[in-house]
1. Where residues in the range 67-92 are within 18 Å of the chain's Cα centre (by Cα), open to solvent by 40 Å² or more (accessible area, probe 1.4 Å) and of a type in the set (D, E, K, R), which of them is farthest from Cys19 (Cα to Cα)?
2. Out of curiosity, is Phe85 of a type outside the set (D, E, K, R) and more than 19 Å from Gly64 (Cα to Cα)?
3. Against the conditions (1) open to solvent by less than 50 Å² (accessible area, probe 1.4 Å); (2) over 17 Å from Asp173 (Cα atoms), where does Glu220 fall short? Just the number, please.
4. Out of the residues in the range 43-66 meeting the condition of being crowded, with 22+ Cβ neighbours inside 10 Å and within 21 Å of Tyr2 (Cβ to Cβ), tell me which one is farthest from the chain's Cα centre (by Cα).
5. Please find, within the range 46-79, the residue that is farthest from Ser141 (Cα to Cα) out of those that are charged (D, E, K, R) and in contact with a Lys or Arg (Cβ under 9 Å, 6 or more places away or on another chain).
6. Report the residue count in the range 1-23 for those that are within 14 Å of Met51 (Cα to Cα) and modelled with pLDDT of 95 or more.
7. Quickly run through the range 111-149 and pick out the residues that are assigned to a loop (DSSP other than H, G, I, E, B) and of a type in the set (S, T, N, Q).
8. Just to be sure, is Gly152 free of Cβ contacts under 8 Å to residues at least 60 places away in the same chain, open to solvent by less than 50 Å² (accessible area, probe 1.4 Å) and in a loop (DSSP other than H, G, I, E, B)?
Amino acid sequence: AYDVNPATHELTVRWQWNCNSAGPWYGQGYHNYCVGDVDMDGRDEIVFGSMVIDDNGKGLSTTGLGHGDAEHLGDFNPYVPGLEFFACNEDNPNNNYRNATTSEIYYRSVGGRDDGRSMCGNFSNDYYGALAYSSYDGGISCVANKNVGASGNGVATNFRIYWDGDLCEETQDYSNGKNSAIGIYKYKKGRIDLLTGSMTNNDTKGTPCYQGDLFGDWREEIIARTKDNKIRIYTTTIPTEWRNYTL
């Protein structure tokens, strides 16, 4: 973490995290991390897979479950203060749903092989709060803390996105295997849109170039490459009756 001198623009290190030595933090990281104020003190923490680094650069909590590939941080249970976290596991397959501050596990499924994908979001009004899915387990209620058997049809375990006109979330993924056109998928409906001419990146990871609310509509756009590496911005054409103010 760096501080910036406002006069000289010089960067100075405030703290540095290193967990290369044996201990509770070793080997707990993922391929990515999430940033959020999990302990509600007004400063962001780094949720790095199976562990949480406090804003002061010290370890806050860990499950000790080790490495995995995909993770999701958010207010998945709106009836409990604070944030929750859902992730798949590789070292200790296959997933866990937990308190993002204390790492207390609310739900866990145990399997025998790497569970390489996970997804969590508010996909249906049939269930309170968010639903969570992973490659080998799905339909987990983030309010009831159990598998409620919610169909995984239309939930791609890759990226979540706000795309159509309602207030539920959709997901995006490649449509025909690695490095193919991006598809938009909706709970119980399957694919609802195909971004013709686009191509995903990173082979099996199926990532876009960028995803986010670029134009202030509250729904999100996708920046994607074409086959000849041109850049395109794709946006929904579906009308909505909702207006939510964003940055």
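1. Asp75
2. So Phe85 fails the test.
3. (2)
4. This residue is Ile53.
5. Per the criteria, the residue is Asp55.
6. Residues that pass the stated criteria total 0.
7. Result: Asn122, Ser124, Asn125, Ser135, Asn145.
8. Taking the combined requirement at face value, the residue satisfies it.
The values are calculated or read from the model by the stated rules, or taken from the named source; none is laboratory data. Here the structure is a predicted model, which is why all the values come from computation and not from measurement. Quick reminder, even Gly has a Cβ in these numbers, built from the backbone with ideal geometry, and neighbours come from all protein chains shown. Remember, those area values only see protein heavy atoms, side chains included, never the ligands or the DNA or RNA. Shrake-Rupley method; radii C 1.70, N 1.55, O 1.52, S 1.80 Å.
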